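Colleague: The following block contains the structure, expressed as structure tokens.
The values are calculated or read from the model by the stated rules, or taken from the named source; none is laboratory data. Nothing here was measured: the structure is a model prediction, and the numbers come from that model. Positions of Cβ are backbone-derived with ideal geometry, glycine not excepted, and every protein chain shown enters the neighbour counts.
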């Protein structure tokens, strides 16, 4: 009997250690979710909010977060951690047509709007980069914080729709944010997601500047998750 008790205790201890390792290991999704709080949108939320079943290969690609716990703690109030599924802008629009501005459908037949991409984690800034409104793209990029880059329009659109569906908060309500897509000498921007309006997608010349056009930004991954 004593031997059986010892075996049971050892098995429970091993299970507890395994669970601790899953939580504290670099790239732990569970730990990232705990740190980010409401500023977290994982694959499970895509199933609930977007009615999308996560495929096995997608789940594998999103099994670890490419950001350290230190980075997540530093960004937990200024950024949103989002697991972006491979959805094009057109596909996202087809899932949530009421959340897009139907008056700006010019992009439906554009190549960029049909790109699905790969499942990946992104740590995107909740607001435009400070000081970038009213500047050209080249000038805006000089304000990029250290270890940050400009995300693609597909990533920002996914973030805006996903975050709204999960918590009811509208990002970029009265502003467009320039994204990293290059269309010749033009760039893409998304935004103006205010009450009574759907998310809008615009195309701007890189040298264009306006009082309602800022720059989007996301953290560069700092963990190699393979």
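This table checks each residue for (1) touching a helix residue (DSSP H, G or I) at 6+ places or on another chain (Cβ under 6 Å); (2) closer than 24 Å to residue 223 by Cα.
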residue: 34; (1), (2): no, yes
residue: 52; (1), (2): yes, no
residue: 79; (1), (2): no, yes
residue: 91; (1), (2): no, no
residue: 94; (1), (2): no, no
residue: 112; (1), (2): no, no
residue: 121; (1), (2): no, yes
residue: 129; (1), (2): no, yes
residue: 139; (1), (2): no, no
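Colleague: Could you pull out the residue among 154, 170 that is under 16 Å from residue 89 (Cβ atoms) and modelled with pLDDT of 95 or more? Outline the logic, then answer.
Modeller: Details: 170 fails: under 16 Å from residue 89 (Cβ atoms).
Sole residue among the options that is under 16 Å from residue 89 (Cβ atoms) and modelled with pLDDT of 95 or more: 154.
Colleague: Let me ask another. Would you list the strands (runs of 3 or more DSSP E) that sit entirely within segment 147-226 and hold 2 or more residues that are closer than 16 Å to residue 128 by Cα and within 13 Å of the chain's Cα centre (by Cα)?
Modeller: none
Colleague: Continuing with the same structure: Pick out the one residue from 72, 108 that is over 20 Å from residue 149 (Cβ atoms), in contact with a helix residue (DSSP H, G or I) (Cβ under 9 Å, 6 or more places away or on another chain) and part of a helix (DSSP H, G or I).
Modeller: Exactly one of 72, 108 is over 20 Å from residue 149 (Cβ atoms), in contact with a helix residue (DSSP H, G or I) (Cβ under 9 Å, 6 or more places away or on another chain) and part of a helix (DSSP H, G or I), namely 108.
Colleague: Would you please name the residue that is surrounded by the most Cβ atoms within 10 Å (Cβ to Cβ), looking only at residues in segment 104-140 that are in contact with a strand residue (DSSP E or B) (Cβ under 7 Å, 6 or more places away or on another chain) and over 28 Å from residue 40 (Cβ atoms)?
Modeller: So, considering only residues that are in contact with a strand residue (DSSP E or B) (Cβ under 7 Å, 6 or more places away or on another chain) and over 28 Å from residue 40 (Cβ atoms), the one surrounded by the most Cβ atoms within 10 Å (Cβ to Cβ) is 137.
Colleague: Which members of segment 1-42 meet the condition of being at pLDDT below 90, under 30 Å from residue 117 (Cα atoms) and outside any loop (DSSP other than H, G, I, E, B)?
Modeller: Those that are at pLDDT below 90, under 30 Å from residue 117 (Cα atoms) and outside any loop (DSSP other than H, G, I, E, B): 22, 23, 24.
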